[in-house]
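Here it is, the structure, as structure tokens.
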Amino acid sequence: MSEMTLLQDLKARGLIAQTTSEEELDQHLNENSVTLYCGFDPTADSLHLGHLVPLLMLKRFQDYGHRPIALVGGATGMIGDPSFKDQERSLNTSDVVEQWSNCLKSQISRFIHFDDTEGGAILANNYDWTASIDVLSFLRDIGKHFTVNKMIAKESVRQRIEREGSGISFTEFTYQILQSYDYQYLNKAYGCSLQIGGSDQWGNITGGIDLTRRVNGTHVHGLTLPLITKADGTKFGKTEGGAVWLDANKTSPYAFYQFWLQTPDADVYRFLKFFTFMSVADIDALEQQDAVREGKPVGQSVLAREVTTLVHGEDGYVAAQRITEALFSGDLSSLDEGDYAQLSLDGLPSSVLSPEGLADTPLTTLFADVGLAASGKQVKDALQRKAVIVNGEEFGMDDNLNAPGVFNVERALFGKYFLVKLGKKKHHLFVYG
RNA sequence: GGUGAGGUUCCCGAGUGGCCAAAGGGAUCAGACUGUAAAUCUGACGCGCGAGCUUCGGUGGUUCGAAUCCACCCCUCACCA
């Protein structure tokens, strides 16, 4: 990072979508240790890849000597952010929101270093200062500073307001006031003077800036991050199974590692800048080396290693790497009995195979049930193309009704393991018993 | 409230009585080629190994037969008020 200012580094990484006066912000950041915040609303029981960039962003600021506040939206999560959403969302119960908030809290703590010292990072929940406000105070003390005219004019809610039929409830419309209040509150309580967020948050952030100026008389700043896109135009952060979660129980370190390993060339160096702490110079150098390299580029494996380590720690990375080696080297004999036991612990999808009823279960059903394929049809397709491999042996459509033969104990590795490969990338471990 | 146009399989979008599980494109999955990449080509793509079963906003009806016709209802869009 050396001589670059933080803002220069972020810019070089392509991590800035919009900022309030860049000059002022740059000066502010260079002359002070700034307290900044980013909010994460509990919309599920785990953060996902979309949250990773802002989360890492907080850490980038922390590394430059600033103080991050990670805000869990226990209150805002009850309301639902309408920004650029084309539909009203259904509300979650307070129990659920609270539970999810706690999940997010523990996840966030893994990324940012929190401590109790004066300048240490802070983990906050806006429920704490929002829940107890009574309606009249809210309307008089906060609501009075907002003109509906301005609220309506925001791009983030315009579609919903202008388009007949979609509509927006008063509840969601109020969201921007709540978030603005957070900023004003944090400014007052902690001297927070910068809010960051995804580019869809610009409207909410500027709302908070205005409120803070009106109420606290303080001039504060805002910065948004770009939406992560893929070169081919498809949505980033999705796999066959849906979102890629940061929770190891929802997306195993192995699956996580694989996700990054499969990054297209066209995206990999950009993603290295977004998702790792490698310097821009090092990334550029890597890109140039890959460009003249014979064969496979190393960008993907570096990216996968860095991000997996970041999210799942060294252990998670090592485990993911070990499974990858074993499965993709094509050499099953390199694994000993202990390795097989470890595979499922390390996150390779696995299930117990019961001998009973096996004769009545077609492979199509069996594999679809354990999630190896979305439907029996896909298994059928794979069988017909010789893309199903069990313990190194190919099986075809002829074997569909012959599960007992395919999963004959005699053929089990170490008397109990069957490693099924469907296609090039999907693996599943069956344990006999 | 009035008038006009619509609601089709994950998405977009054809289909206006049987040949429709429903054109075409996208997404997705698999195969070939590669580098667990891209591009390209091939196949699959409602569910089911199969016989077969269940779909075209909802509910009833007409018909041997309906996504297609009729009635009512729900929703959306456009314009008017």
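Which members of the stretch A:249-265 meet the condition of being more than 12 Å from A:SER301 (Cα to Cα), in contact with a Ser or Thr (Cβ under 9 Å, 6 or more places away or on another chain) and not aromatic (Phe, Trp, Tyr)? Before you say what the answer is, go through the steps one by one.
Going residue by residue through the stretch A:249-265, those that are more than 12 Å from A:SER301 (Cα to Cα) are A:249-256.
With the extra rule that they be in contact with a Ser or Thr (Cβ under 9 Å, 6 or more places away or on another chain), the set shrinks to A:249-251, A:253-256.
If the condition is that a residue be more than 12 Å from A:SER301 (Cα to Cα), in contact with a Ser or Thr (Cβ under 9 Å, 6 or more places away or on another chain) and not aromatic (Phe, Trp, Tyr), then A:ASN249, A:LYS250, A:THR251, A:PRO253, A:ALA255 are the ones that fit.
Okay, next question. Can you pull out the residues in the stretch A:220-259 that are closer than 19 Å to A:GLY14 by Cα and within 16 Å of RNA strand B (Cβ to nearest atom)?
Scanning the stretch A:220-259 gives A:ILE228, A:THR229, A:LYS230, A:ALA231, A:ASP232, A:GLY233, A:LYS235, A:PHE236, A:GLY237.
Okay, residues lined up against (1) in contact with a Gly (Cβ under 6 Å, 6 or more places away or on another chain); (2) more than 16 Å from RNA strand B (Cβ to nearest atom); (3) among the β-branched types (Val, Ile, Thr):
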position: A:ASP141; (1), (2), (3): no, yes, no
position: A:VAL148; (1), (2), (3): no, yes, yes
position: A:MET151; (1), (2), (3): no, yes, no
position: A:ARG160; (1), (2), (3): no, no, no
position: A:GLN176; (1), (2), (3): yes, yes, no
position: A:TYR183; (1), (2), (3): yes, yes, no
position: A:LEU194; (1), (2), (3): no, yes, no
position: A:THR212; (1), (2), (3): no, yes, yes
position: A:GLY217; (1), (2), (3): no, yes, no
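Output the residues belonging to the stretch A:290-320 that are within 15 Å of RNA strand B (Cβ to nearest atom), charged (D, E, K, R) and more than 15 Å from A:PHE259 (Cβ to Cβ).
A:ASP290, A:ARG293, A:GLU294, A:LYS296
Let me ask something else about it. With respect to the numbered conditions (1) part of a loop (DSSP other than H, G, I, E, B); (2) more than 19 Å from the chain's Cα centre (by Cα), which one is the sole condition not fulfilled by A:ALA44?
(2)
Can you spot a residue in the stretch A:257-268 that is more than 30 Å from A:GLN195 (Cα to Cα), touching a Pro at 6+ places or on another chain (Cβ under 9 Å) and outside the structural domain of A:GLY203 (by TED's automatic domain parsing)?
The answer is yes; a qualifying residue exists.
Tally up the residues in the stretch A:4-20 that are in a loop (DSSP other than H, G, I, E, B), open to solvent by 10 Å² or more (accessible area, probe 1.4 Å) and on the phi < 0 side of the Ramachandran plot, please.
Initial filter on the stretch A:4-20 (in a loop (DSSP other than H, G, I, E, B)): A:4-5, A:14-17, A:20.
Now narrow it down to the ones that are open to solvent by 10 Å² or more (accessible area, probe 1.4 Å): A:4-5, A:14, A:16-17, A:20.
Checking which are on the phi < 0 side of the Ramachandran plot leaves us with A:4-5, A:16-17, A:20.
Here the count works out to 5.
Shifting gears a bit: Can you list the helices (runs of 4 or more DSSP H) found entirely within the stretch A:330-433 that contain at least 2 residues being surrounded by fewer than 20 Cβ atoms within 10 Å (Cβ to Cβ) and near RNA strand B (Cβ under 9 Å from one of its atoms)?
Working: elements: A:337-345, A:363-369, A:376-384, A:403-406.
Output list reads A:363-369, A:376-384.
So, of the residues in the stretch A:21-38 that are open to solvent by 20 Å² or more (accessible area, probe 1.4 Å) and assigned to a loop (DSSP other than H, G, I, E, B), which turns out to be nearest to A:ARG67 (Cα to Cα)? Walk me through how you get there before you give the answer.
Residues of the stretch A:21-38 that are open to solvent by 20 Å² or more (accessible area, probe 1.4 Å), as a first pass: A:21-24, A:26-28, A:30-33.
Applying the additional criterion that residues be assigned to a loop (DSSP other than H, G, I, E, B) yields A:21, A:32-33.
Values: A:SER21: 21, A:ASN32: 10, A:SER33: 7 Å.
So, considering only residues that are open to solvent by 20 Å² or more (accessible area, probe 1.4 Å) and assigned to a loop (DSSP other than H, G, I, E, B), the one nearest to A:ARG67 (Cα to Cα) is A:SER33.
The values are calculated or read from the model by the stated rules, or taken from the named source; none is laboratory data. Just so it is clear, the model here is predicted, and its values are computed rather than measured. A quick note on method: Cβ atoms are made from the backbone with ideal geometry, for glycine too, and the neighbour counts reach across all protein chains shown. Please note that ligands, DNA and RNA were not included when accessible areas were found on the heavy atoms of the full protein model with its side chains. Shrake-Rupley method; radii C 1.70, N 1.55, O 1.52, S 1.80 Å.
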